[in-house]
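Read the structure below first, then the notes.
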Ligand SMILES: Nc1ncnc2c1ncn2[C@@H]1O[C@H](COP(=O)(O)OP(=O)(O)O)[C@@H](O)[C@H]1O
Ligand SMILES: [Mg+2]
């Protein structure tokens, strides 16, 4: 709702202050704008009995919870519907009454699995200590190594991110985002619903594509979208020069993710671990690979709130054992950005920097075929350097303008072409199970 419409509704409400239906429309508008304080002010003098329908009572409860009025929210969320019970659970959590909250949560989910909310669940159950030996009905995993990995290091490897990234920070890739929402985030957030329909869940997703096109960014954004903690593990960091140490580290990382659900556990450059033998610089210990596969298989049976993602620039170098059911059994191609995507990425990268009144991002987008997102970032960084230089020379702030961007463009070369050439060969001659069909589609659409 735009400002003008909201203002005229508020004026209308001023003229007929007893119009409850109108009041609730304005309340919802304030909630949409993230202004719960303004929303609850409208409830002044209203009780649950003044709101005859459940939806309105729930909307009121939601506003009260957002504004810190959990106690009053309980009065509004008092019916036995799944939505209302979920709101009760939220309010009870805020009031420190977790046992009752857990009960309300369980009732809501048993009535309608679609209302499941993993982050609320994690918070409601957070204080329940795990039974000694960890993990109730979770299959026990054998740690193959002596486990002397120090806490400090696991924390460094898995430290959650300070600022969550979301899909809004990722330019282009609309179709991929849509797939991720449907096939990854939804089953992850609503496992009970999928189980009811006997849909298999669990298993990891492997993102592949040319370097610098947003695999890591997208994994991070996927975590942000489901409100999950993001554990970014670079395989190179896990590999340890001491034989046996790496397995312990790997186990500790999986455990850390399990104890911080909901979580996204992201393995970057997975080929370093599961590389086919002929691609190996040195043999990674076979034990490390089997430890990794055992951890993944354990997750496939009970992945309780942990989503496993992997990424690689060289999918053809990944051991096929990694792609069996329950492991990285789904793959997702992350293509180089097309022209509109490049314009969008430029917009994101230029955000918050001093800019000339008009910037022709579309012109740059049109002249950067074959550039990855990282290449575009390179252009923008170079442009920023040039603008700083110019500012120092002029003794005054010189914003980034078209001329500066064009100069920067000359200094950066596209990097995705080489990858696409290699990928085309694998797609043509080693396309087992159609695993590179998306690459072929992309080349057919954009290739020469
Ligand atoms: N689709 C995109 N939207 C916005 N920025 C992008 C995009 N793709 C790449 N970038 C920029 O390039 C950088 C490198 O991307 P990254 O996700 O690390 O690539 P990859 O993991 O595929 O090698 C990102 O930090 C970001 O600044
Ligand atoms: Mg990456």
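What is the P(r) of the chain, as percent of Cα-Cα pairs per 10 Å bin from 0?
In whole percents, the pair-distance histogram is 4, 16, 22, 22, 19, 12, 3, 0.
Cα centroids of the stretch 326-342 and the stretch 375-412: how far apart, whole angstrom?
Result: 30 Å between the Cα centres.
To one decimal place, what Kirkwood hydrodynamic radius in Å is obtained for the stretch 304-448 from all pairs of distinct Cα atoms?
On the way: mean 1/r = 0.0565 Å⁻¹.
That comes to 17.7 Å for the stretch 304-448.
Taking springs between alpha-carbon atoms closer than 10 angstrom, which of 396, 329, 360 fluctuates most in the Gaussian network model of the chain?
In this elastic network of the chain, the residue with the biggest mean-square fluctuation among 396, 329, 360 is 396.
Find, to one decimal place in angstroms, the Kirkwood hydrodynamic radius of the stretch 384-445, where the mean of 1/r is taken over every pair of different Cα atoms and then inverted. Don't skip to the end; give the middle numbers.
Working: mean 1/r = 0.0670 Å⁻¹.
14.9 Å is the Kirkwood radius here.
For the stretch 339-414, what is one quarter of the convex hull surface built on the Cα atoms, given in nm²?
Values: hull surface 17.9 nm².
The orientation-averaged projected area of the Cα hull of the stretch 339-414 comes to 4.5 nm².
Most exposed first by the Cβ proxy, i.e. fewest other Cβ within 10 Å, how do 213, 226 rank?
Details: 213 28, 226 20.
So the residues, fewest neighbours to most, are 226, 213.
Using only alpha carbon pairs under 8 Å that are at least six residues apart, calculate the relative contact order of the chain and give it in whole percent. Don't skip to the end; give the middle numbers.
Values: 625 pairs, mean separation 58.4, N = 448.
Taking the mean separation of contacting Cα pairs over the length of the chain, I get 13 percent.
What per residue convex hull volume, in Å³, do the alpha-carbon atoms of the stretch 15-82 yield? Intermediate values should be presented prior to the final figure.
On the way: hull volume 5.8 nm³, N = 68.
Cα-based convex hull of the stretch 15-82, divided per residue, equals 85 Å³.
Read-outs throughout are calculated quantities, based only on the coordinates presented, and are distinct from any laboratory measurement. The shown structure was predicted, so the numbers you read here are calculated from the model rather than taken from an experiment. We place every Cβ from the backbone using ideal geometry, glycine too, and count neighbours over all the protein chains shown.
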